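Laboratory data are not the source of any read-out in this text; all were calculated from the coordinates shown. No experiment lies behind these values; they were computed from the predicted model shown. Quick reminder, even Gly has a Cβ in these numbers, built from the backbone with ideal geometry, and neighbours come from all protein chains shown.
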Amino acid sequence: MKTYIKNYAGSSIAFLLITAHVWAQKPATVSATNASQLKTEEFGLTNGKIHIMQDLTRGGAICFISKANDPRNIVNISDEGRYIQQSYYAGKKLNRQTEGQSKDWSPWSWNPIQVGDYARNRAVVLSSEKTNNSLYVKCTPMLWDMNNKPAEAIMEQWTSLEGNVIKVRNKLTCLRTDTLYGEGAMNNQEIPAVYPISALNNLYSYFGSVPFTNASMDHPEVVDLGSGFWGRYKTVSEKWMAFVDDNNWGMGVYSPSATSFLAGKAGKVGGESNSTSTSYIAPLRKEKLMKNSVTEFEYYLIIGTLEEIRSAVYQIDKTLNSK
């Protein structure tokens, strides 16, 4: 693992962490207590088309998406680096092993993550609220590379459903008092990190020069992490990518402020929610996070056939551009 990371020492911190999340596998731990499971089960939304849940034992990250009344979860949750969650990067890389930093993730930058850290310590939810069609959660994230080190930051998430579309607004408030990491480093930010199950194995998007005209979609070969890295896509003209099964049904991710994307798979095709194999999509944008930065973004998860996914993206884009 350390050799693998060193091979990509020139890559951005974001790229390294994405690799780390997939390959930092540990034996599965015992699941949450019955009480915690019940709490998580209750913190969800359904509307007759799809069902979503967020895990209040793991920072309120999205842990479950399915068709309504279907027990099959299409989100990979095999470790704390998966889920659908917030993860940000700031400052220079530091060696903090004497303070509990993992030797596998050293040196490392300031990296708050919504679910938990490499050692499986989980982010603490500060507050949560559910209405008929919305979920709100606020948490203290964990520093990925450190052992049980809460980040000096607050993460918030607002989630709602409309038809087959999950609308999410994420917000990070930096509250850093350290003098360690410095400021001014430009990093790729995942907006957000999305891990569909690897049974959704066909990748689609549109890379052409005439976006939002129903031009023919692109169907790139899925890059396997075992070959060296995820696929990098600089021209994703309609700002969405989707993984679908052989019947062209699955999950799309539309992130209007993205400037590029990563996508690929790790392991074998056919894995489900607890498999170590996974698919992966991350819309990206470059951003400097300062010690007191506040950053926000909206994205949309769309569940359905490939045609339904693209149609929903077009409708959202039309709505956003009419405001």
(message) Skipping prolines and chain starts, which residues have an amide H placed within reach, meaning under 5 Å, of the one on I50, given they are 5 or more residues away or on another chain?
(response) A68
(request) Name the long-range amide H neighbours of G91: under 5 Å, sequence gap of 5 or more, or other chain; modelled H, no Pro or chain starts. (result) G184, A185, L289
(request) Would you look at the GNM of the chain, springs on alpha carbons closer than 10 Å, and say which of Y233, Y299, Y83 moves the most? (result) Y233
(request) Lys and Arg at +1, Asp and Glu at -1: add these up for the other residues within a Cβ distance under 10 Å of I154 and post the number. (result) 0
(request) Within the set of other residues whose C-beta is less than 12 Å from the C-beta of E129, count the net charge using Lys and Arg as +1 and Asp and Glu as -1. (result) +1
(request) With only alpha-carbon atoms counted, please give the Rg and Dmax of the chain, in Å. (result) 18.4, 55
(message) Quick one: 3J(HN,Hα) in Hz for segment 198-207, Karplus 6.51/-1.76/1.60 with θ = phi - 60°, rounded, Gly and Pro as x.
(response) 6, 5, 8, 10, 9, 9, 9, 5, 9, 10
(message) Explain nothing, just the number: dipole magnitude of the chain about its Cα centre with +1 on each Lys and Arg Cβ and -1 on each Asp and Glu Cβ, in debye rounded to the nearest 20.
(response) 700 debye
(message) Can you tell me what percent of all Cα-Cα pairs in segment 52-141 are more than 16 Å apart?
(response) 61 percent
(request) Could you run the Karplus curve 6.51 cos²θ - 1.76 cosθ + 1.60 with θ = phi - 60° over segment 158-171 and give me ³J(HN,Hα) per residue in whole Hz, x for Gly and Pro? (result) 10, 10, 9, 10, 8, x, 9, 10, 9, 9, 10, 10, 10, 9
(request) Could you please report the charge total around N188, scoring K, R as +1 and D, E as -1 over all other residues with beta-carbon less than 15 angstrom from its beta-carbon? (result) +4
(message) Below 8 Å, C-alpha to C-alpha, sequence gap of six or more: please give me the relative contact order for segment 2-321 in percent.
(response) 17 percent
(request) For K130, go through the aspartates and glutamates and keep the ones whose alpha-carbon is under 15 Å away, minus same-chain ones fewer than eight residues off. (result) E41, E42, D55, E156
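From the square roots a ≥ b ≥ c of the eigenvalues of the alpha-carbon gyration tensor of segment 174-323, which class results: rounded (a/c under 1.5), prolate (a/b over b/c), or oblate?
oblate
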